[in-house]
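For reference, the structure discussed in these notes is given below.
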Amino acid sequence: MKKVTILGLATVNFPLEGEIWTVNDGYKLIDYDAVITKLFVMHKQVKRSNGEPYFNWEEMREYADKYEFEIIALHNIPIEKTKYPYQEIVDYFSTDYFTSTFCYMIAYAMFEGFTGITFTGINFFQGVSDTRDDLLERCGLEYWIGRAEQAGITVTIDGGNLLTTRTGEPYAING
């Protein structure tokens, strides 16, 4: 079975199986006993609330060289990377519904023939007080999880709150 573990930026559960992919600066947050194989960067550059750039391209390249992971990017960024095959994937799946980097990652895994995807360290939308962006991102992510499952890919959610309701029970099941 060709497996990938997709890491979010929340608490990660170990051990990890198969290839290990993460997002943005997730490469700095995990124990390097678990070797990242791909880092997905879908933004050109974003700013932190204090105005500082979010991505440190030089540091990212240094980590990629030291730990030998591939950087997959949607846009041209100022470091060596592999270009995300956006148009090929859009054509293959007949949709451009990507609401987060995780969506791009699932589509990429499916496109590359992975048969198992595990998600760990991903939390979105805890309830009505969370942001609209979290809700929209979660909806898109769960859409792609459904596409993967319908394609026969084994999907494992390791922690987090994906594919759950606010109460943990199906809607209206108790009333």
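We did not get these values from a lab; they are worked out from the coordinates using the rules stated. A quick note: this is a predicted structure, and the numbers were derived from the prediction, not measured. A quick note on method: Cβ atoms are made from the backbone with ideal geometry, for glycine too, and the neighbour counts reach across all protein chains shown.
General observations
- Cα centre as origin, Lys/Arg/Asp/Glu Cβ charges: the chain dipole, Debye: 280
- Here the Gaussian network model covers the chain, with springs between Cα atoms less than 10 Å apart; of L141, L74, L29, L29 fluctuates the most.
- Using a cut-off of 21 Å between Cα atoms, the listed pairs K38/K83; K28/K66; K2/K44; K38/K81; K3/K44; K44/K83 include K2/K44; K3/K44 as exceeding that distance.
- Taking every alpha-carbon pair under 8 Å whose residues sit at least 6 apart, the chain reaches a relative contact order of 24 percent.
- Over 27 Å [Cα-Cα, segment 3-158], rounded percent: 21
- Gained length - K28 relative to E80, 0.36 nm times residue gap less alpha-carbon distance: 16.9 nm
- Whole-percent pair-distance distribution, where bins are 5 Å wide, for the alpha carbons of segment 54-112: 4, 16, 25, 21, 16, 11, 5, 1
- Helices of the chain meeting both criteria, an alpha-carbon length of 20 angstrom or more along the long axis and an average Kyte-Doolittle score not below -1.0, with helices taken as full DSSP H segments, are 132-150.
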